[in-house]
Amino acid sequence: MSEPRTLDVSGLPPYDISNQSPLFWGQVLMCLIEGSLLCMLIATYFYLRLGVDVWPGPGVHLPGLTFSSWALVPLVASCVGSYLASEAARKNSRSGMLWGLGLNLGLAIVFLALRAIEWKSLNFTWASDAHGSIVWTILFLHSYDIAADMFMTAVLIVIVASGRYGPRQRIGVHVDSVLWYFLVGIWIPLYGVVYWAPRLIGGNP
């Protein structure tokens, strides 16, 4: 029998601010779980659509494209802030982390403001019909996730600004970008489903 082999890891740092850290992969797996739920909502949307002749129902206006489309600009641009903050966390740059996190949070606020304006123009509610229920469910869940990550970003800003930006805090900044990239990326197909799908599959004008 061969002798058991041992590996000395005592020289490894306790925290690895990179894409190889366990916390990073934990965040990735959480995004996969959340993404599975949102994909099920997309499948539900089209399942409900197949059950009716007109989508949405009579008297229901299609969700507007103006504010929802303009909202994509700050949302996508906010990824720049996440990237800058993540890179600054790797380099242990306090000012870089604050700048990136602040840019991310500011653009996210603009996005939610535009979404709120667009919501007011909707002439249906979650209780109107099947179309209203699935659309509002998609919008609410994505908005909830956006708001939750914004809160996390705000907390990180306060922590870093207070002078606490050791390895634990820096890895928090790094993995925060993972969730934000996911929320931005998943909204692209959701935007297509909510705002363009009914226009392409025979919705009311």
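Observations
- In region 157-205, of all residues being among the charged types (D, E, K, R) and within 21 Å of Val80 (Cβ to Cβ), the one that is modelled with the highest pLDDT corresponds to Asp176.
- Note on region 161-205: among residues that are part of a loop (DSSP other than H, G, I, E, B) and of a type in the set (Gly, Ala, Ser), the one that is most open to solvent (accessible area, probe 1.4 Å) is Ser162.
- Among the residues making up region 104-122, those that are part of a helix (DSSP H, G or I), open to solvent by 50 Å² or more (accessible area, probe 1.4 Å) and over 16 Å from Asp145 (Cα atoms) are Ile117, Trp119, Lys120.
- Selection over region 163-187 of residues that are closer than 18 Å to Leu112 by Cβ and touching a residue at least 40 places away in the same chain (Cβ under 8 Å) gives a count of 9.
- Restricting region 123-145 to residues that are among the aromatic types (Phe, Trp, Tyr) and touching a helix residue (DSSP H, G or I) at 6+ places or on another chain (Cβ under 6 Å) leaves a set whose member that is surrounded by the fewest Cβ atoms within 10 Å (Cβ to Cβ) is Trp126.
- The single condition among (1) modelled with pLDDT of 95 or more; (2) outside any helix (DSSP H, G or I); (3) not hydroxyl-bearing (Ser, Thr, Tyr) that Ala127 does not satisfy is (1).
The values are calculated or read from the model by the stated rules, or taken from the named source; none is laboratory data. Not measured: the values here are computed from a predicted model. Using ideal geometry, Cβ is built from the backbone for each residue, glycine included, and neighbour counts are taken over all protein chains shown. Just the protein is used for accessible areas: all its heavy atoms, side chains included, with ligands, DNA and RNA removed. Shrake-Rupley method; radii C 1.70, N 1.55, O 1.52, S 1.80 Å.
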